[in-house]
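S.K.: Sharing a structure here in structure tokens format.
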Amino acid sequence: MYTSMSAALVGIISLMRLRSMQAGQGVGEEFVFIIAAVVGTLIGLAIGLGFGLALFEVLTRAEPTFSVLSIPVTNLVVIVVAGSVAGVMAGLYPAWRAGRLVILDAIATD
């Protein structure tokens with residue numbers, strides 16, 4: 001369960017680093033990390049649920065006593081909220097730094 005959230009966070013952080021390198025290309029793009037955080041968390045959740053359902057199917061065929069599938073919806077909601085908040089927090093600092101950056105100074109130092 002938490003593996004999918006960790007995988008989503010790694011993807012989000014990688015995306016944020018890429019986006020911070022391309023900062024200043026358009027109006028309103030400084031908040032793209034919010035969308036990336038939510039979408040990345042949902043993708044990680046979907047992958048985790050897919051693996052869980054596949055494992056349940058394999059175990060059910062191997063051992064028929066595994067007949068009840070329980071998906072903890074409350075835990076899934078907490079994971080989506082926590083992953084989204086963590087992704088937003090991971091993107092706030094690079095976005096804030098890029099917003100304060102003077103473009104000509106950045107070009108002069110590179």
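The values are calculated or read from the model by the stated rules, or taken from the named source; none is laboratory data. Note that the structure is predicted; figures quoted are calculated from it, not measured. Note: accessible area is taken over every heavy atom of the protein model, side chains too, but ligands, DNA and RNA are not part of it. Shrake-Rupley method; radii C 1.70, N 1.55, O 1.52, S 1.80 Å.
S.K.: Residue by residue, what Karplus-based ³J(HN,Hα) values in Hz, rounded to whole numbers, does the range 88-101 have, using 6.51, -1.76 and 1.60 with θ = phi - 60° and x for Gly and Pro?
M.R.: So the J values, rounded to whole Hz, are 5, 5, 5, x, 5, 5, x, 5, 5, 5, 5, x, 8, 6.
S.K.: Shifting gears a bit: Order the following by accessible area, largest value first: ARG100, ARG61. Probe radius 1.4 Å; ligands, DNA and RNA are ignored.
M.R.: Listed by decreasing accessible area, they come as ARG61, ARG100.
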